Structure formats: C-alpha cells, structure tokens
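Notes to accompany the following structure.
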Amino acid sequence: MNLRKLLWPDIPESQWNDWQWQVKNRLQGKDGLERLGSTLGIDVSRRLRVLNRYKWAATPYYLNLMASRDVSLDPVGRQVIPSGKETGVTSSSASPDPLKERHYSPVRGLIHRYRDRVVLLATGFCASYCRHCNRKRTWNRPECVILSEEKLKLVRDYLLSNPHVREVLVSGGDPLLLPMEHIARLLEALRSIPSIEILRIGTRVPVVLPMRITEDLCRLLKRQRPIWINTHFNHPVEITKEAKAAIERIQLAGIPVSNQSVLLRGINDNYDTLRSLFCRLQAIMVRPYYLFQCDHVSGTRHFWVPMKKGIRMMDRMWGDVGGMCVPNFVADLSEGSGKARLLSSHLIELGRKEAIFATFEKKIVKIKLE
Ligand code: SF4
C-alpha cells in the first residue's frame with residue numbers, strides 16, 4: 001500500500017519534506033479519521049467514538065509507513081490509529097496517571113520523583129498521538145501550550161532552591177515541536193542554573209516527523225551541550241532512510257541519541273521483531289536504552305504484554321546479541337514507586353567463598369571468589 005499516492009498524490013518532495021507542511025496536513029479528528037477510513041475501505045464508526053475521550057492526529061509521513069490496510073495488524077496503524085478498545089473494558093489496575101506524576105509535581109509541569117533529576121513537561125503538543133502514551137490524560141489541553149515566562153520562572157526558582165538536581169529531562173508532549181525561539185529560551189533558562197549539568201530531550205520527532213530535525217534546530221541544540229536526545233522507536237519499519245538521516249544530523253551536532261521502546265502487544269511483542277529493532281538501532285548508532293513494560297494507563301489495556309513473556313524474550317536476547325543491543329527491560333511501578341529492572345537473575349547464590357550462576361545457555365556455573 002502507498003498511502004501517500006492515495007491521499008497526497010500531487011505533493012512535491014519539497015513540501016513532503018517540509019516539517020511545517022507535515023504538521024499542517026496531519027490527518028486529525030473526525031474528518032481525518034473518516035477520510036482515512038474511506039481510503040482504506042474500513043468502517044471507522046467504533047474508532048470515531050474514541051475521539052470523545054482521546055484526541056487523534058497523525059503526520060502524513062508516519063501514516064505513509066503503514067504497509068497494510070488492516071489497521072489492527074499493522075505495527076504503525078496500531079500505534080497511531082484509535083482503536084475502539086481504548087474506551088472498552090478496562091482493568092482495576094488502570095489509571096489515567098499510574099505513575100502519580102501529578103503527586104510528584106512541586107510546580108505545575110515539573111515532575112520531581114528521583115533526587116537528582118526532574119522531568120519538565122514543556123508542551124502538550126505531539127505530531128502524532130501514540131495510542132499507548134502514558135500521558136493520555138494531558139491530551140485534552142489545547143495544542144502548543146507553551147510554558148509561559150511566569151511558569152518558567154517558577155520552574156527555575158524551584159531548581160535553584162534544589163541544587164541536588166543535576167539533570168532535566170525536557171519532555172511533553174514533544175518539546176521539539178515548539179517554535180525555535182521557545183526551545184532556545186527554555187534551554188537557556190535551564191542551562192543558566194549552576195547545578196544543572198545535563199539536559200535531556202524526550203522526543204518522538206525522529207520517528208514520526210524526521211524532517212523537523214533541521215540543521216537550524218541541530219545548531220540550536222548543539223549550543224546547549226551536554227545534551228542528550230532520547231527517542232522512541234518501537235518497530236524496525238520506523239527506521240527509514242529519513243529517520244536515519246535525521247538521527248545522523250543530530251549526531252553530527254555532537255549529541256548522542258538513545259532509544260526507549262515500549263513493549264506493545266501486536267506491535268513488537270515477538271522476539272524477531274525486538275531483535276531486529278535493537279540491532280537496527282545499533283546500526284544507526286542509537287543505543288537501545290530502555291524497553292518499558294507498558295504502563296497501566298487507562299485506555300491502553302489492549303497493548304499490555306504479560307511480564308513473563310517480556311522477561312523470557314529479553315533473557316534470550318542477552319545470549320543472542322551483543323550487550324549494546326540489549327536495553328534494560330524495566331517497569332515503572334504503580335503509585336510512582338519508581339523503575340524496577342525486570343530480570344531473571346543470572347546470579348543464583350552469592351556466598352563468601354563461592355557464587356553460583358545460571359549462564360545464558362541455562363548451564364549452572366560455580367565460581368570461586370577467593
Ligand atoms: S510522542 Fe510521546 S508524549 Fe506524544 S503521544 Fe507519543 S508517547 Fe505520548
């Protein structure tokens with residue numbers, strides 16, 4: 001299937017590669033979903049009902065990565081097109097805010113859960129709204145809410161009075177969708193705080209809108225080093241030549257890129273897909289950093305994968321590919337209890353004189369410690 005030919009047949013390359021054209025021409029809301037449905041020849045009536053609770057928008061670029069008309073089987077379609085299941089039967093463990101981010105917000109928009117680092121929610125705007133997002137609760141805010149001068153001052157004051165915070169993860173929404181002057185103002189304000197050593201940006205732009213990574217943006221980011229980019233590839237089909245070129249532009253600015261994936265049912269919950277994803281990330285020099293168990297966010301139950309399955313796959317991965325391809329498999333524990341590594345431990349017993357291990361081939365090995 002070539003959705004670009006079906007939906008945007010006359011758009012020249014120059015426009016297609018213009019990130020602002022992509023944002024302006026996102027398919028969104030009822031009209032966008034109906035247009036997509038009639039192009040794909042599918043009934044979207046159940047999916048439309050979801051829009052009363054959760055918004056929808058997706059870039060032409062990302063939608064064009066869909067290979068199948070069967071949205072529920074396609075790894076891109078499943079991630080970005082609303083499913084009737086989002087408002088269907090839920091679970092008692094699901095919550096709009098399972099990580100209790102609101103509770104850990106000393107200042108609006110700032111989450112301070114771990115001693116030495118904070119998350120700053122710079123905007124609620126995303127290029128494409130991922131159906132598994134753990135901040136679905138914030139989607140009803142108007143797009144492109146920008147941290148006002150006044151709010152930014154409150155954030156700055158808080159960080160100045162908490163000098164043990166050394167790292168800020170600027171997230172959202174997607175902070176790289178903000179206008180350039182706002183990104184500059186925000187990063188400069190953070191950089192001017194003496195105790196802040198590291199800036200990190202959480203963005204899905206390299207995946208859903210790689211043309212946003214312009215030379216101008218890279219120059220702006222380069223001025224704020226040390227800065228890291230954390231992105232969010234979930235499936236190997238997302239690693240396109242455009243995404244690869246965007247990552248390379250960031251890397252040429254001297255900024256390392258790492259990746260956080262989420263384990264998602266029907267998208268990447270099989271061994272070969274995950275292995276291919278992590279190896280292809282390594283090939284474009286993006287470090288697979290975390291694989292997250294999907295948070296129990298309301299409206300995401302259809303994506304949850306049994307923890308045991310994830311652990312089995314990651315155990316096998318450890319013995320099968322180089323360590324640089326193996327991310328930490330973690331769960332963000334409910335009630336804001338923090339991250340936990342999901343390991344079937346290789347260390348079975350640790351005594352004073354001897355330790356017993358299970359190897360990646362399931363052999364038992366004893367080693368002397370003295
Ligand atoms: S880009 Fe990030 S914040 Fe935006 S919808 Fe996707 S996961 Fe959520």
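Quick notes on this one:
- All positions within segment 239-295 that are aromatic (F, W, Y), crowded, with 16+ Cβ neighbours inside 10 Å and touching a helix residue (DSSP H, G or I) at 6+ places or on another chain (Cβ under 8 Å): F278
- Just one of (1) over 22 Å from R135 (Cβ atoms); (2) surrounded by 14 or more Cβ atoms within 10 Å (Cβ to Cβ); (3) without any contact (Cβ under 8 Å) to a residue 12 or more places away in the chain; (4) not basic (K, R) fails for E349. It is (2).
- Exactly one residue out of K244, K309 is over 17 Å from the mean Cα position of the chain (by Cα), assigned by TED's automatic domain parsing to the domain that holds I183 and among the basic types (K, R), and it is K309.
- Beta carbons closer than 6 Å, at least 6 apart along the sequence or on distinct chains, pair a first residue in segment 228-252 that is basic (K, R) with a second that is in a helix (DSSP H, G or I) and modelled with pLDDT of 95 or more for R249/C218.
Condition check ((1) crowded, with 17+ Cβ neighbours inside 10 Å; (2) aromatic (F, W, Y); (3) in the same structural domain as E242 (by TED's automatic domain parsing)) across all residues:
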site	(1), (2), (3)
D10	no, no, no
W16	yes, yes, no
K30	no, no, no
L40	yes, no, no
W56	yes, yes, no
L63	yes, no, no
S68	no, no, no
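- Residues that are part of a loop (DSSP other than H, G, I, E, B) and near the ligand (Cβ under 8 Å from one of its atoms), drawn from segment 132-148: H132, C133, N134, R135, W139
- Of the strands (runs of 3 or more DSSP E) lying entirely inside segment 196-268, those containing at least 2 residues that are within 16 Å of the ligand (Cβ to nearest atom) and among the hydrophobic types (A, V, I, L, M, F, W, C) are 257-263.
- Just one residue in the set W8, W19 is closer than 24 Å to L176 by Cα and touching a residue at least 12 places away in the same chain (Cβ under 8 Å); that residue is W19.
- Test for T59: is it among the hydroxyl-bearing types (S, T, Y) and touching a Leu at 6+ places or on another chain (Cβ under 7 Å): yes
- Scanning segment 111-131 for residues that are of a type in the set (A, V, I, L, M, F, W, C) and within 16 Å of the ligand (Cβ to nearest atom) gives I111, V119, L120, L121, A122, F125, C126, A127, C130.
- Just one of (1) within 16 Å of the ligand (Cβ to nearest atom); (2) more than 29 Å from H132 (Cα to Cα) fails for R191. It is (1).
- Residue count for segment 271-311 under the criterion of being more than 19 Å from A331 (Cβ to Cβ), in a loop (DSSP other than H, G, I, E, B) and in contact (Cβ under 8 Å) with a residue 40 or more places away in the chain: the result is 2.
- Qualifying residue in segment 142-149 (condition: outside the structural domain of P179 (by TED's automatic domain parsing) and closer than 21 Å to T203 by Cβ): no
- Within the set R35, R46, the sole residue that is assigned to a helix (DSSP H, G or I), over 24 Å from G124 (Cα atoms), over 18 Å from the mean Cα position of the chain (by Cα) and at pLDDT 95 or above turns out to be R35.
- Among the residues making up segment 158-179, those that are more than 16 Å from the ligand (Cβ to nearest atom) and either modelled with pLDDT of 95 or more or crowded, with 17+ Cβ neighbours inside 10 Å (or both) are Y158, L159, L160, S161, N162, P163, H164, V165, R166, E167, V168.
- For segment 127-157, the tally of residues that are under 23 Å from H296 (Cα atoms) and at pLDDT below 95 stands at 8.
The values are calculated or read from the model by the stated rules, or taken from the named source; none is laboratory data. Keep in mind the model is a prediction, meaning the values are calculated, not measured. Every residue, glycine among them, receives a Cβ derived from its backbone with ideal geometry; neighbour counts consider all protein chains shown.
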